[in-house]
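To start, the structure under review is shown below, and the notes come after it.
Here, each number is a calculation from the coordinates, and none is a lab measurement. Please read these numbers as outputs of a predicted model, since none were measured by experiment. So basically every Cβ, Gly included, is an ideal-geometry build from the backbone, and we count neighbours across all protein chains shown.
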Amino acid sequence: MSKKDFCPVAGKCGGCQLTNMDYQRQLKFKQARVVKLFGRQVRVSEIIPSPNIYGYRNKVSAAFGKTRSGKVISGIYKSSVHTIVDIKYCNIENRNADEIINSIKKIVTEMNIPVYDEKRQKGFIRHVTVRVAENTGEYLVTIVTGEEYFPKKEEFLSVLLKAHPEITTVVQNINNKFGSMVMGDKEKILYGDGYITDILCGKKFRISSGSFYQINKGQCENLYSYVLKNSGIKKSDTVIDAYCGTGTIGIICSDIAKKVTGCELNSKACEDAIVNAKLNGVENIKFENDDAGRFMKKLSRENRPADVVITDPPRQGCSIEFLKAVVEMSPREIVYISCEPKTQARDTNFLTKNGYKIKKCTPFDMFPYTNHVETVVLLSKGEIDSKKIRVEFSLEDMDTSGFQQGATYEQIKGRVLEQTGLKVSSLYISQIKRKCGLEVGQSYNLSKKENAKQPQCPPEKEKAIREAMKYFGMI
């Protein structure tokens, strides 16, 4: 299948990178990527295909704008410039979610509701996100606006709900700040309860506008079932769920563990996790609102052991403080789930140098037609006794540069592309790192020639790079 056969805007849209490959070739491509990172340490299991390769995205977002002729458009930003590609339907998105966005585009046009103009920083509709709870059939629509006052609100809601009675709730998120961040801090519930509820692995989970929830539900259930089957959790075990988000994996594991403790830095996500535990009547789990590294160090100091540690960190991976604390606590098993195999390989390399052995490495195709791959690595204690031991860390023997930098150039590029649709070069990233007083690799230093001229990072790309660096905790 050609790119154009799969998607008429594949050359403009940066959402799918593998539209030129059939699905079997995509799986081989991702398998090879994981084998390259982990193949010397363990025999990598065959990649688990996604149960659905079309329409699997249960969260669909669209930026709104206008053409020069005044036509309202919605879609995602082009892969190279900050302009919107008008999209009616996407093959990897939930089709009914696309229909809802198209209806909103039509209503906005007919009611002459202002669309946000980024250059002038004026207007109303900025983005629309539709989230789908597949098992319950509930829909959450979030309308991101540049102003708080909603013109023709009652009429807008009446027409939208008449066209789509399946919508369960509508939320207005106000973002009046200039920049690449989609969501603002303030929200209003316009219709319904402000959240939807889905069922994952037999458990109920509340999904709000800002909740993290896997976009490919069917494959997420495959991954979690794999973890339950292969993690080695026993009925007598104490389990730590680090970087736990809204508590999904911890709550699911609570059925087979004696006690589970989840740790999450984001206070809203931690609140959602507590609600989700109550929603499922789970009493053997508690959640701590804390940094994962700081939390693990506290447990280690207090001599509170854990039998199994599950970690599912963001793309930049685990902090070095967290990894040191895990080694000091010496759990019997570690389950490392990651959406970025590069940082996962870096972190597991640290663990294997400090008493752990990789038992299994299994890739999951969570995002068909994209470069991304989810990986589960299972580690257990090697020849060292599983009781707590003294571990000495020598900076001379250990490469911690990957942790100190916060994120690689490729991760920053990926974050910028994902959030803004802009493509940025390593040169531009190095320029901004230098401005922020961060160390820059030797290959990105300025030319030694006196009259050498280099292109300077444009303002909009500098803002996007800075936002990405903030996300990775670098500034």
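List of remarks:
- The spread of Cα positions in the stretch 57-200, taken along each principal axis and listed from longest to shortest, comes to 41, 33, 29 Å.
- The stretch between Y191 and K286, if pulled fully straight at 0.36 nm per residue, gains 31.0 nm over its current Cα-Cα span.
- Length released on extending from S426 to S69, taking residue separation times 0.36 nm less the Cα-Cα span: 124.9 nm
- Note on Q456 and R301: their simple-model spin labels are 4.7 nm apart, each label 7 Å out from Cα toward Cβ.
- For a label point 7 Å along the Cα-to-beta-carbon line of S236, residues of the stretch 265-286 with backbone N under 14 Å: none
- Signed unit charges on C-beta, dipole axis of the chain, positive-most listed residue G262, Y428, L157: Y428
- Report summary: the helix-based calculation at 222 nm, which adds -39500 (n - 2.57) for every DSSP H run with n ≥ 4 and divides by the residues of the chain, gives -9500 deg cm²/dmol.
- Of K119/K152; K59/K381; K268/K470; K105/K470, pairs whose Cα-Cα distance is over 28 Å: K59/K381; K105/K470
- Here the dipole of the chain is about 1160 debye; that uses its Cα centre as origin and unit charges on the Cβ of Lys and Arg (positive) and Asp and Glu (negative).
- Taking the charge dipole of the chain about its Cα centre, with +1 at Lys and Arg Cβ atoms and -1 at Asp and Glu Cβ atoms, the residue from M21, S209, N102 reaching farthest to the positive side is M21.
- Over all pairs of different C-alpha atoms in the stretch 149-257, the reciprocal of the mean inverse distance, the Kirkwood hydrodynamic radius, equals 17.0 Å.
- Protection proxy ranking of 57-68, 314-325, 189-200, by the mean of other Cβ atoms within 10 Å over each peptide's residues and highest first, is 314-325, 57-68, 189-200.
- Candidate cross-link partners of K28 among the aspartates and glutamates, defined by an alpha-carbon separation under 12 Å and a same-chain spacing of 8 or more, comprise E46, D365.
- Compared with the alpha-carbon gap, the fully stretched path from E155 to K435 is longer by 95.9 nm at 0.36 nm per residue.
- Size of charge dipole - the stretch 84-141 - debye, nearest 20, with Cβ of Lys, Arg +1 and Asp, Glu -1, no other charges: 300 debye
- Distance between modelled label sites at S45 and E147, nm, 7 Å Cα→Cβ extension: 5.5 nm
- Relative to one another, the C-alpha centroids of the stretch 278-295 and the stretch 227-253 are positioned 11 Å apart.
- Legend: distances between Cα atoms for K78/K413; K203/K298; K413/K435; K229/K360; K30/K217; pairs beyond 23 Å are K203/K298.
- Residue-by-residue Karplus 3J(HN,Hα) for the stretch 112-125, coefficients 6.51, -1.76, 1.60, Hz, glycine and proline x: 6, 7, x, 9, 5, 10, 5, 5, 8, 6, 9, x, 10, 6
- Kirkwood Rh, angstrom, the chain [1 / mean 1/r, Cα pairs]: 23.9 Å
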